[in-house]
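Data block below; observations after.
Read-outs: derived from the displayed coordinates by stated rules, not from any lab. Remember, predicted model here, so these are calculated numbers, not experimental data. Note: ideal-geometry Cβ built from the backbone for every residue, glycine included; neighbour counts use all protein chains shown.
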Amino acid sequence: MKRLFVFMALAAALAACGGNKVPAHTGKPKLVILGFDGMDPDLVREFMAQGQLPNMKRLMEQGGLYDLGTTVSAESPTAWASFATGVNPGKHNIYDFLIRDTSNYVLDLGMVRRIPAVSLADVRFIRSLPGSSWLDGIPVARPKVVSIRGGESFWVTAGKAGVPSSILTVPVTFPPETVPNGEMLSGLPLPDIRGTMGTFYYFATDLSRYEEGDTEFGGILKHLTFDGATAKTELQGPPNPLIKKKIDALYDKGSALSDADRTKIGELKAKENSSLPMTINWTRGSNQAVVTLAGETLTLKTGEWSKWINVRFDINFLMRVHGMVQLLVMNAGNELQLYVSPVNFRPDAPPTPMSYPEDFAGKIYKKIGPYRTLGWAEATWPLNEGRMDEKTFMDDLYKAFDDRAQVIINRLTEGNWDVLVGVIESTDRVQHMMWRYRDTTSPLYNAADAAKYGDSILRIYRRADNFIAEVLEHLEPDTEIMIVSDHGFHSWNKAVNVNTWLVQQGYMVLKGQGESRDRKLDDLFGGGTFWENVDWSKTRAYAMGLGQIYFNVRGREAEGIVSPGAEYVALADEMVKKLKSDLIDPDTKQHIVRNVYKRDDVYTGEYLGNASDLQLGFEDGYRVSWQTAQGGTPKGIVYNNTQKWSGDHGGFDYETTAGVLITNRPISTTTPNIIDIAPTVLQHFGVPIPKSIDGKPLRKQ
């Protein structure tokens, strides 16, 4: 009786602590969904036919292998948001990596909205006091990040009905949402501690002063000068959010930015970033270096990675940010080249919550040790910038894959779930960077290099197949399994300057018809000035993102001139026709655009007004240029893509860019779509499917 009393008291205490409840199981067979970002159905079939994917084949033979229809456009944030919610983008508001502010045309990264930090001087009654400006550096509220994604995730709907879940690194889950009866570890767009998609650092003795600074794709390059055997430098950390808020406020002026404003921005940027001192000791020809950072002294040989190092940046006397980095001595022979990874959130001390419950990320950390938290975990940017070679990239890619995999395995064996969803993105990243070795028509194809790296994509697909086998070992026999990807892949051999074409056709007008400067990824994170040469009083259309064209609509855009209604419709009809017929590769005379989709033809829902007015669907081999994606108008319409980022999916026609679905249970359709996954999961657990969902269950009741 005494034991029974103690048990009842303990049960009552647990019930009183809602966060500690152990969810009851549904009694239904468990369901595991493994997502492999970008896995291409044609490659799966090719490798399967070669006998390279035995575990996928085994699942396919039990259920099936299908092309999985994707979203318009076939971009990861858009497609994974539809995966989670079961609705078209018009109902979840994620159309691209980028969004624009119609009040000033300023570009920003999509998926989230940032709420600036608040200082003591911002408090209304204090702000009115004389001499209060010195309080501007004292924070009273940290900056916040809010998701702009609408719709309700199937794991939330299921959780409300009592279905326990484990949701692991699925894209578009940062910041984490509250998951009833569940746990969540955030994925993309979880940033590094600088708030970017992955700022890497490269320190070198053979780096010229002209190369120093920010790279196009988000790196920081620094020249090393040695005094004898010692060089002193610093690792740049997160910006002071209060100073950044002042900079952003000036950038928000857009075209009204004055020379005095630009001078002020320069002054603020000079004191914006925190930093950590770093000391390097090296003797030329020794093939090793001794690096001291954050109280750790490490001796690293050429080609050797360090362990994860915990770092702390002091923003001011009240604000501290914790992170972790890895170092790689790339060369310590006649020159020294040191690579430092992006500073990841420390799972047990993140600057902002990265999991639900909030301590969940830290609990995983205690179980398995350090793991990458950055949403974009792979080193695509340093490879694209030529600061990392292919072998190093592939070695690091395996580590990124394994970091995600070990988290999933941990929750498979220790989590309390009926549905588990885990996503690994390395399949996407390897195709972005190594597709040039599959396509002999790529401007960068090289037979000698292809002999060394031509199997890079296959190797990661095989790693995915081996991981599936590892997962299967931990599952009960009646567990249902789905292998899902959000889109397929294409060659990207030629870049297309869509804004430049708009200028040539008279849809966009530039002041003096000049060309815009080249843009860098840091412009997005640093609040760069965009569209500085555009004459909005004469511009009817502008392009940004991966194939999106927006009309300069009166009453919607700040300086809009296109009238809604008949003029809007006529402009759409005219541009669709010209884009499909007149946008031609001058070298091959081939049409570049396969299809153009009008907003109202492909989207419905409460967020329809945020969609682009036209979405381009490019032919294989062509993609919008990086400069167009950020609103630039460089010279020329079509040019060879000579960057290592040689495969892509964003902006390609969604009808030719399907993802993959492999199941170990038959389904009732031959044309599944990514929006069908959510209602299928709800049906599996007997949860009523909300009427707002666009997808249909993949099985008949």
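So is Leu397 surrounded by 24 or more Cβ atoms within 10 Å (Cβ to Cβ) and in contact (Cβ under 8 Å) with a residue 60 or more places away in the chain or not?
Yes.
For a quick check of your reading: which helices (runs of 4 or more DSSP H) sit entirely within segment 437-512 and have at least 3 residues that are over 22 Å from Leu616 (Cβ atoms)?
Numbers: elements: 447-453, 456-473, 498-505.
Here the list reads 447-453, 456-473.
Criterion first (in contact with a His (Cβ under 9 Å, 6 or more places away or on another chain) and surrounded by fewer than 24 Cβ atoms within 10 Å (Cβ to Cβ)) does Thr392 satisfy it?
Working: in contact with a His (Cβ under 9 Å, 6 or more places away or on another chain): no; surrounded by fewer than 24 Cβ atoms within 10 Å (Cβ to Cβ): yes.
Against the criterion (in contact with a His (Cβ under 9 Å, 6 or more places away or on another chain) and surrounded by fewer than 24 Cβ atoms within 10 Å (Cβ to Cβ)), Thr392 does not qualify.
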query = Looking at Glu177, Glu152, which is the one that is surrounded by fewer than 24 Cβ atoms within 10 Å (Cβ to Cβ), in contact with a strand residue (DSSP E or B) (Cβ under 9 Å, 6 or more places away or on another chain), farther than 30 Å from Lys222 by Cα and of a type in the set (D, E, K, R)?
reply = Glu177
task = Being within 21 Å of Phe618 (Cβ to Cβ) and touching a Phe, Trp or Tyr at 6+ places or on another chain (Cβ under 7 Å) is the filter; apply it to segment 650-664 and report the residue that is surrounded by the fewest Cβ atoms within 10 Å (Cβ to Cβ).
result = Asp653
message = Within segment 596-690, considering only strands (runs of 3 or more DSSP E) that don't extend past its boundaries, which have at least 1 residues that are within 30 Å of Ala570 (Cβ to Cβ) and not hydrophobic (A, V, I, L, M, F, W, C)?
response = 614-618, 621-624
ask   = Just wondering, is there one or more residues in segment 187-206 that are of a type in the set (Asp, Glu) and in contact with a helix residue (DSSP H, G or I) (Cβ under 6 Å, 6 or more places away or on another chain)?
value = no
ask   = Out of all the residues in segment 569-614, which are among the hydroxyl-bearing types (Ser, Thr, Tyr) and either under 27 Å from the mean Cα position of the chain (by Cα) or surrounded by 15 or more Cβ atoms within 10 Å (Cβ to Cβ) (or both)?
value = Tyr597, Tyr603, Thr604, Tyr607, Ser612
key: From Leu327, Leu338, Leu318, residue being surrounded by fewer than 17 Cβ atoms within 10 Å (Cβ to Cβ), aliphatic (A, V, I, L, M) and either over 22 Å from the mean Cα position of the chain (by Cα) or over 30 Å from Gly159 (Cα atoms) (or both)   = Leu318
inquiry  = For segment 464-500, give me each residue that is closer than 27 Å to Asp402 by Cα, touching a residue at least 40 places away in the same chain (Cβ under 8 Å) and out of contact with any strand residue (DSSP E or B) (no Cβ under 9 Å at 6 or more places or on another chain).
reply    = Asp465, Asn466, Ala469, Glu470, His474, Glu476, Asp478
key: Conditions (1) free of Cβ contacts under 8 Å to residues at least 60 places away in the same chain; (2) surrounded by 14 or more Cβ atoms within 10 Å (Cβ to Cβ): number failed by Ile280   = (1)
request  = Output the number of residues of segment 283-309 satisfying the condition of being touching a residue at least 12 places away in the same chain (Cβ under 8 Å), part of a strand (DSSP E or B) and of a type outside the set (A, V, I, L, M).
outcome  = 5
